[in-house]
Amino acid sequence: MKTGRFLFFVPWMAAAVLFASVSAQQSASTDDDPFIWLEEAESDSALDWVKAQDELTLAAFENDSNFINFQDTILQILNDKNRIPYGTLVGDEVYNFWQDETHIKGIIRKTSLESYVTDNPQWETVLDIDKLSADEGQDYVYGGSVNLAPGRTRGLIGLSLGGKDALIYREFDYRTKSFVQDGFYLPEAKSGVDWYDSNTVLVGTDFGPGSMTTSGYPRILKLWKRGTPLAEAETILEGEVTDTWVSGNVTIRPEGQVCMLTRHTDFWNSYDWIYDTGGEKIPLPYPEDSYCCFFKGRVLVTLNSDWLGIPEGSLVAVKISDLQAEDLKSKLEVIFTPDEKRVLTGTKTTEDYVIATILDNVRPRALYYWPEESDGTVVWKHGTFRLGDMGEISVKSSSEFSNRLMVSYDDFLTPTKLLLFDEPAAEPREIKSLPESFPTGNLKVEQHFAISKDGTSIPYFLVSRKDIKLDGSNPTLLYAYGGFRETELPYYSRTLGKIWFSKGGVYALANIRGGGEFGPKWHKAGLLENRQKVFDDFYAVAEDLINRGVTSPEHLGIEGGSNGGLLVGVAMVQRPELFKAVVCQVPLLDMIRYPGIGAGASWMAEYGNPDIPEQRAFIAKYSPYQNLKEGVKYPEVLLQTSTADDRVHPAHARKMAARMEQMGYRPYYYEELTGGHAAGVDNKQRARVIALEYAFLWRMLKQESGLDPAGDLHN
């Protein structure tokens, strides 16, 4: 399963409001919904229903030899000491967060770079979350840290209760390895923080009534000075209640500090300002759907719309000193422009270089750029990282104060390698790698193309045995996401390898519209009223797999999480004849009420607003919960979610299961009480959820189980 890869984009803050069952905004009448009570996340009646469902599902699999063996295998993988300890470069030190069978909740630890590159780094524990939880009697889950730069002397440590997005922030001293007495502290909320200087932080949080947006994120941003009450912090930015959120972040580089304030009017559009030392807000003039960062006195802008004759998908730079120039177009420095197949997917910066990751027909490339000025003209030159071409290239750590960076590469059959570059042009050192965890000699990876309903070519990757028989009998798992500009690329998974590939399973990864595989246009092609194209792309890949004899509907399973959970939920309802099994993880399913459930209102720029009649009309056509019908032979489905998911509320999966049962269907349902919007908060929990999903798939697609299928309560 793609644990950790299918999450919705989380804003700069770690999350949204305190976990609430339903916001004040309601997007549909509750009169005709008999399962509205399941939207109360932690009510006694809802939790009693959840526990009964969990018991039924676990009882169906607890004696299944696949489930038992898978759980042990996955837990060994998750706890394996040989997995790569990805770290953050801080000067000549590397920081890492680590979980295993001893450190269930995890530790923050550090080592020197010199030690890190060895086979046996000497780690020093900085903060033990297990010990902290025990000492304070709390179920803490590490939620990341916001650290003072340059160096790492102080941090604002985020702590979640049970895995929720809502965090408690506490100031931590890395030198003394202790929390700062009377330091900065924010109670549990979906807050956003950053350091303005060592004694001042930018903070957006729940300041009381009226301070949060309808999406459940901070509406007000303040400058909070050390030693003063939060209530006295200076307000520096306010958004509208209908905005998604406001945020502030500070970039510190050798040439100086830049503070940017942002009012996110919806998920994809924002107004940005540079906040100068005098308190003036200087507006940034690029299109509202752009992204930006700062480099050598410049704003680097990733365009998602055309700007001053430069096409969407380009990367451009403009000096901060030229932002107010009347002839702004002449001041722009074009770094990268896309074409039909070659698109930008991300940027990072070091002291002297801009690192750009791109895709060329969904094949990865990585380039490094630097500006050279001659006679007043700036030319951006570039070089290329030489890595693999059918997988994923990821910049794991870089620093604004050096040119050192760590880059990883992996693909379906190549174990992940972590490379250290002293500078981008230097020869890399391979400093870490995963061991080969499953045999690959009889496996092959191919890229194919399916034709969608409107004639669009849809690429997908296929992993199978070299000697595959194209007789339609192969158990096949099809995965896609199809939203939020997310790109899906081949990756090395020891779990997939051991539990799927090694047992003869075929795996397909589809690059459907709604994602970012072909730039902004690919995403926009699946927005709002065009959402059905995303689903049609998915069906086209499924049909191509069937038509080429790779599999058949009796042996084809689909999986998706979050937005991908919506995808497979729609697929199950719209095209039930195509599939045998559906794994639907932390899904959106009630698309008529979604803006009023959890953090749903923040995604209306992606899906639309069901309170607007013309938008409700196209949403209603595909919303899985409303389109269930009696008397249809639906695929077997496993709905999986978490009580503590305060991003995509568990009500979506709960109500879908309840309505299916009411209609006479018998879905499998499993809900973890903790874990948030991921598979779990610790490795044991993650292993249980993932093993359940794979055991379900093998039972449905090949009837390979330790249980007699006739004894299954669902058959």
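The values are calculated or read from the model by the stated rules, or taken from the named source; none is laboratory data. These numbers come from a predicted model, not from an experiment. Because the Cβ atoms are built from the backbone with ideal geometry, glycine has one as well, and the counts that use them run over all protein chains shown.
When segment 656-686 is examined, which residues are found to be at pLDDT 95 or above and of a type outside the set (D, E, K, R)? Within segment 656-686, MET656, ALA657, ALA658, MET660, GLN662, MET663, GLY664, TYR665, PRO667, TYR668, TYR669, TYR670 meet the criteria. The single condition from (1) farther than 16 Å from LEU638 by Cβ; (2) at pLDDT below 75; (3) touching a Lys or Arg at 6+ places or on another chain (Cβ under 8 Å) that GLY711 fails is (3).
One residue alone among GLN626, GLN615 is over 14 Å from THR57 (Cβ atoms), part of a helix (DSSP H, G or I) and free of Cβ contacts under 8 Å to residues at least 60 places away in the same chain, and that residue is GLN626. Checking VAL334, VAL316 one by one, the residue that is within 28 Å of ASN511 (Cβ to Cβ) and buried (at least 21 other Cβ atoms within 10 Å of the Cβ) is VAL316 and no other.
Take the conditions touching a strand residue (DSSP E or B) at 6+ places or on another chain (Cβ under 7 Å) and modelled with pLDDT of 95 or more and apply them to GLY192. Does it pass? So that I can check it myself, show each step before the final result.
Values: touching a strand residue (DSSP E or B) at 6+ places or on another chain (Cβ under 7 Å): yes; modelled with pLDDT of 95 or more: yes.
For GLY192, the condition - touching a strand residue (DSSP E or B) at 6+ places or on another chain (Cβ under 7 Å) and modelled with pLDDT of 95 or more - is met.
Does segment 463-510 hold any residues that are within 16 Å of the chain's Cα centre (by Cα) and within 21 Å of PRO553 (Cα to Cα), and which are they? Scanning segment 463-510 gives TYR479, ALA480, TYR481.
Taking the criterion of being of a type in the set (Phe, Trp, Tyr), within 18 Å of TRP268 (Cα to Cα) and touching a Ser or Thr at 6+ places or on another chain (Cβ under 6 Å), would at least one residue in segment 306-329 satisfy it? If you could, list the steps in order and put the result at the bottom.
In the first step, residues of segment 306-329 are kept if they are of a type in the set (Phe, Trp, Tyr); the result is 307.
Retained after the next criterion (residues that are within 18 Å of TRP268 (Cα to Cα)): 307.
Restricting the remaining residues to those that are touching a Ser or Thr at 6+ places or on another chain (Cβ under 6 Å) gives none.
Scanning segment 306-329, I find no residue that is of a type in the set (Phe, Trp, Tyr), within 18 Å of TRP268 (Cα to Cα) and touching a Ser or Thr at 6+ places or on another chain (Cβ under 6 Å), so the answer is no.
When you scan segment 69-113 for strands (runs of 3 or more DSSP E) that lie fully inside it, which ones turn up with 1 or more residues that are crowded, with 19+ Cβ neighbours inside 10 Å and among the charged types (D, E, K, R)? Before you say what the answer is, go through the steps one by one.
Details: elements: 88-90, 93-98, 107-112.
Hits in segment 69-113: 93-98, 107-112.
The residues of segment 504-549 that are over 23 Å from LEU588 (Cα atoms) and either among the polar types (S, T, N, Q) or modelled with pLDDT under 95 (or both) amount to a single one, ASN547.
Those residues that are of a type outside the set (Gly, Ala, Ser) and either surrounded by fewer than 16 Cβ atoms within 10 Å (Cβ to Cβ) or in a loop (DSSP other than H, G, I, E, B) (or both), I need them from segment 292-305; list them, please. If you could, list the steps in order and put the result at the bottom.
First pass over segment 292-305, keeping only residues of a type outside the set (Gly, Ala, Ser): 292-296, 298-304.
Passing the criteria: LYS296, LEU303, ASN304.
With respect to the numbered conditions (1) outside the structural domain of GLU373 (by TED's automatic domain parsing); (2) assigned to a loop (DSSP other than H, G, I, E, B); (3) in contact (Cβ under 8 Å) with a residue 60 or more places away in the chain; (4) within 24 Å of ASP194 (Cα to Cα), which one is the sole condition not fulfilled by VAL258? If we test VAL258 against (1) outside the structural domain of GLU373 (by TED's automatic domain parsing); (2) assigned to a loop (DSSP other than H, G, I, E, B); (3) in contact (Cβ under 8 Å) with a residue 60 or more places away in the chain; (4) within 24 Å of ASP194 (Cα to Cα), just (2) comes out false. Scanning segment 30-68 for residues that are of a type in the set (Val, Ile, Thr) and part of a helix (DSSP H, G or I) yields ILE36, VAL50, THR57, ILE68. Looking at segment 449-458, is at least one residue part of a loop (DSSP other than H, G, I, E, B) and under 28 Å from the mean Cα position of the chain (by Cα)? Checking segment 449-458: at least one residue is part of a loop (DSSP other than H, G, I, E, B) and under 28 Å from the mean Cα position of the chain (by Cα).
Within segment 458-469, residues that are among the polar types (S, T, N, Q) reach partners that are part of a strand (DSSP E or B) with beta carbons closer than 7 Å, at six or more positions or on different chains, in the pairs SER464/LYS444; SER464/VAL506.
A quick yes/no check of all residues on (1) on the phi > 0 side of the Ramachandran plot; (2) touching a helix residue (DSSP H, G or I) at 6+ places or on another chain (Cβ under 7 Å); (3) touching a residue at least 12 places away in the same chain (Cβ under 8 Å):
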{"residue": "LEU308", "(1), (2), (3)": "yes, yes, yes"}
{"residue": "SER330", "(1), (2), (3)": "no, no, no"}
{"residue": "VAL334", "(1), (2), (3)": "no, no, yes"}
{"residue": "LEU344", "(1), (2), (3)": "no, no, yes"}
{"residue": "THR347", "(1), (2), (3)": "no, no, yes"}
{"residue": "TYR368", "(1), (2), (3)": "no, no, yes"}
{"residue": "SER374", "(1), (2), (3)": "no, no, no"}
{"residue": "SER399", "(1), (2), (3)": "no, no, yes"}
{"residue": "LEU405", "(1), (2), (3)": "no, no, yes"}
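Touching a helix residue (DSSP H, G or I) at 6+ places or on another chain (Cβ under 9 Å) and touching a residue at least 24 places away in the same chain (Cβ under 8 Å), is that true of ILE431? Judged against the criteria, ILE431 is a match.
With the condition kept exactly as written, say whether any residue in segment 306-315 is modelled with pLDDT of 95 or more, β-branched (Val, Ile, Thr), touching a Lys or Arg at 6+ places or on another chain (Cβ under 9 Å) and in a strand (DSSP E or B). The answer is yes, given that some residue of segment 306-315 is modelled with pLDDT of 95 or more, β-branched (Val, Ile, Thr), touching a Lys or Arg at 6+ places or on another chain (Cβ under 9 Å) and in a strand (DSSP E or B).
Restricted to segment 431-479, and to residues there that are farther than 15 Å from VAL362 by Cβ and of a type in the set (Asp, Glu), the residue that is surrounded by the fewest Cβ atoms within 10 Å (Cβ to Cβ) is ASP467.
Taking the residues in segment 154-178 that are over 21 Å from SER191 (Cα atoms) and touching a residue at least 40 places away in the same chain (Cβ under 8 Å) as candidates, determine which candidate is surrounded by the most Cβ atoms within 10 Å (Cβ to Cβ).
Within segment 154-178, the match that is surrounded by the most Cβ atoms within 10 Å (Cβ to Cβ) is TYR174.
Considering every residue within segment 217-229, establish whether at least one is at pLDDT 95 or above, surrounded by fewer than 18 Cβ atoms within 10 Å (Cβ to Cβ) and more than 30 Å from GLU93 (Cβ to Cβ). So far as segment 217-229 goes, yes, one or more of its residues are at pLDDT 95 or above, surrounded by fewer than 18 Cβ atoms within 10 Å (Cβ to Cβ) and more than 30 Å from GLU93 (Cβ to Cβ).
For segment 471-576, the strands (runs of 3 or more DSSP E) that sit wholly inside it and include 3 or more residues that are more than 20 Å from SER623 (Cα to Cα) are 476-479, 506-510. Within segment 400-416, not a single residue is modelled with pLDDT under 95 and in a loop (DSSP other than H, G, I, E, B). One residue is enough: does segment 552-570 have a residue meeting the conditions touching an Asp or Glu at 6+ places or on another chain (Cβ under 8 Å), of a type in the set (Gly, Ala, Ser) and under 24 Å from MET656 (Cα atoms)? Checked against the condition, which is being touching an Asp or Glu at 6+ places or on another chain (Cβ under 8 Å), of a type in the set (Gly, Ala, Ser) and under 24 Å from MET656 (Cα atoms), segment 552-570 yields no hits at all.
Which residues, taken from segment 266-289, are assigned to a loop (DSSP other than H, G, I, E, B) and of a type in the set (Gly, Ala, Ser)?
GLY278, GLY279
Output yes when any residue across segment 415-422 is in the same structural domain as LYS348 (by TED's automatic domain parsing) and more than 26 Å from the chain's Cα centre (by Cα), and no when none is. Looking for residues that are in the same structural domain as LYS348 (by TED's automatic domain parsing) and more than 26 Å from the chain's Cα centre (by Cα), one finds at least one in segment 415-422, hence yes. Might you let me know whether segment 265-283 holds any residue that is surrounded by fewer than 20 Cβ atoms within 10 Å (Cβ to Cβ) and on the phi > 0 side of the Ramachandran plot? Within segment 265-283, one or more residues are surrounded by fewer than 20 Cβ atoms within 10 Å (Cβ to Cβ) and on the phi > 0 side of the Ramachandran plot.
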